[in-house]
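Here the structure comes first, spelled out in structure tokens, and everything after it is commentary.
The values are calculated or read from the model by the stated rules, or taken from the named source; none is laboratory data. Predicted model only: the values in this text are computed from it and were never measured. Methodologically, a virtual Cβ is constructed for each residue, glycine included, from the backbone with ideal geometry; neighbour enumeration extends over all protein chains shown.
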Amino acid sequence: MAAPPHGLAERPSMLCNQSLRLVLLACAALSAGAETIAAQQSTAAPKTFTLGGRAQIPLTADWTQRTDIDRPPLPALASSAPNFVFTDFLVVENRSAPAVFEAGFSSNPFIGGEPGALGTRTGPRLLGDLFYLFFPPPRACLARGNAAVAQARNKQQEELLRLPPEERQTAKQPPVVIRQTCDFAPAPLDFFASRLSQVTVFRSTDSGTRVQGEFRDFYRPPMEQVDLAGKTYFVFEASAETQLELATVQRFGLADDRQGATVHFFWAIGARAPFPFVLDPLRKDLEILHVTYACLDLGGDCRTRFLTLLGEIRYDP
């Protein structure tokens, strides 16, 4: 029997190999498409976080709760912080956005006041409230600052003891002031804390050490009252006046398209309407709800996202 022409015997094998490659490529494409759809569904899927068993906060699956967070303020800030006593506190982060959402129940120091008293927090005081309660400096930075203050005080005391006894009684010791530049981790909560204040100032006083932030420049519009689902919220906003530089984007591992974005902070103080400015015997133990949201804004949609999240919170005070 005559042999087939040269190359003819290899054709079935070549066709089989090509067909196999096409099948494998098609399977890979289907698998990649399925993974993409699954990822999109996972991101879009609702995920409910709870606050003290009293509030439900629906977010998407790309939000993660921080479990290493204590109720504010941190002990090192307690003597400097505003007079809210928190009973429950929740912090969740979205690393891809990035964004931070915080919620907590606290005592109500506004009884006997009025909306105007709340409005006074809009100025420089607002940045301090955010600093002390919601976006504090890292614990390690606070520890280093307090240690530096203690060391400086000890040095002052040693110098005082070197003076003649008659001079010690009239010697005046100047207050110790320490400016501590903080190191921040590449996590959303640390990122936004660094955008608020990168330097923490420790100042000795007769009553202890006063801790303050050195705040960046922010635009702070007037407080706004928002009524949602039978609740009254007083909303505060602080918008950074500078855009993110590439070095900051790279330092915190953010996506390159975040360059040029601005940092926004929102803080809402709410309760069941009417807001409890007047002491009510039937509601004497009523706590107020705090909701904060920090985000990067490229197209003016941060406020819309915050109000949407605020309206989706469900709780019965």
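Scanning region 202-228 for residues that are under 15 Å from R179 (Cβ atoms) and aromatic (F, W, Y), we see that the one that is surrounded by the most Cβ atoms within 10 Å (Cβ to Cβ) is F202.
Scanning region 220-254 for residues that are more than 18 Å from G311 (Cα to Cα), under 18 Å from the mean Cα position of the chain (by Cα) and of a type in the set (A, V, I, L, M) turns up A238, A240, L244, V249, L254. The single condition among (1) surrounded by fewer than 20 Cβ atoms within 10 Å (Cβ to Cβ); (2) part of a helix (DSSP H, G or I) that Y132 does not satisfy is (1). Among the conditions (1) within 18 Å of the chain's Cα centre (by Cα); (2) buried (at least 19 other Cβ atoms within 10 Å of the Cβ), the only one that A187 does not satisfy is (2). Residues of region 184-215 being outside any strand (DSSP E or B) and in contact with a helix residue (DSSP H, G or I) (Cβ under 7 Å, 6 or more places away or on another chain), which ones? Correct list: F184, L196. Listed by first and then second residue, the pairs with beta-carbon distance under 9 Å, at least 6 apart or on different chains, first residue in region 49-71 and closer than 17 Å to S106 by Cα and of a type in the set (F, W, Y), second at pLDDT 95 or above and assigned to a loop (DSSP other than H, G, I, E, B), form an empty list.
On the basis of being outside any strand (DSSP E or B), under 30 Å from E287 (Cα atoms) and touching a residue at least 12 places away in the same chain (Cβ under 8 Å), does P221 make the cut?
Numbers: outside any strand (DSSP E or B): yes; under 30 Å from E287 (Cα atoms): yes; touching a residue at least 12 places away in the same chain (Cβ under 8 Å): yes.
Judged against the criteria, P221 is a match.
Residues in region 240-263 that are touching a residue at least 40 places away in the same chain (Cβ under 8 Å) and under 24 Å from L126 (Cα atoms): A240, L244, V263.
Taking the criterion of being within 20 Å of E102 (Cβ to Cβ), part of a strand (DSSP E or B) and either among the charged types (D, E, K, R) or modelled with pLDDT of 95 or more (or both), no residue of region 271-287 qualifies.
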